[in-house]
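Any read-out appearing in this document is the output of simple, stated calculations on the displayed coordinates, not a laboratory observation. As the structure is a prediction and not an experimental result, all values here were calculated from the model. Methodologically, a virtual Cβ is constructed for each residue, glycine included, from the backbone with ideal geometry; neighbour enumeration extends over all protein chains shown.
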Amino acid sequence: MRSVEFMGRAVAPCKIVCIGRNYVEHIRELANEIPDEPVYFIKPNSAISETIIYQDGLHYEGEITFLIQKGRIVGAGVGLDLTLREVQSRLKAKGLPWERSKAFRGSAVLSPFVPINSWEGLAIEVYRNGELVQKGDVDLMLYKPDFLVTDIDRIFGLDDGDVIMSGTPKGVGPIMPEDAFTLRLSQNQKPLLTFRTYCLNST
């Protein structure tokens, strides 16, 4: 089992529950419809990684992430929901599930998690090769973290160590070999975490 770090120890998530279309501007940039209810998909434990392995058509989506214990949020981090965009578009056009484009091995690049008492005021910044490409906070989310925890637990169940990837703000884009990403998490403008990851060329 692959693991994430929380307070100096390894935690092995059973699953990663991802929220699609949770930021209006991101919905618009991909020309999607605003959903009437949360859009969920699940990545398996094998999706967890600390680095990016290059594939043709690979896109980044920076996200605020949450670690669950005893049915509540105990930690926050940042991550990249890696997406094979052309594959996703083809599957969506046919009305088929997204897993082939979203849940492949190494598709969840996750930082360590830091303890939090509240999710209010959390914000993310994503830099690609030093350029700010994404910026967003919990106030921009259509569905806030407390609602997501309750709704996800009702539908799927949440186990200790499970991770929620809470959706991506606008600014997603393609990844090239040797790209470097810096993701920053803050709360009420106070820095909480900086995470750096790199794209490795599989060839």
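At-a-glance table
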item	result
Residues with amide H under 5 Å from that of residue 21, placed H, sequence gap 5 or more	168
By average C-beta atoms within 10 angstrom, highest first, the peptides 43-53, 12-22	12-22, 43-53
Cut-off under 5 Å, modelled amide H: who pairs with residue 58 long-range	175
Neighbour-count ranking [beta-carbon atoms within 10 angstrom, fewest first] of 126, 114	114, 126
Dipole magnitude (debye, nearest 20) for the range 4-200, charges at Cβ of Lys, Arg, Asp, Glu	240 debye
Rounded to whole Hz, the Karplus (6.51, -1.76, 1.60) HN-Hα couplings of the range 168-184, x for glycine and proline	10, x, 5, x, 5, x, x, 10, 10, x, 6, 4, 10, 10, 10, 10, 10
Bins of 5 Å, starting at 0 and running to the largest distance - Cα pair percent for the chain	1, 8, 17, 22, 23, 17, 9, 3, 0
Normalised contact order of the range 1-137, rounded percent, pairs of Cα under 8 Å and 6 or more residues apart	25 percent
Residues 147, 113, 104 arranged by fewest to most Cβ contacts within 10 Å	147, 104, 113
Hz values of 3J(HN,Hα) by residue in the range 86-92 - Karplus curve (6.51, -1.76, 1.60), Gly and Pro given as x	5, 5, 4, 4, 5, 5, 4
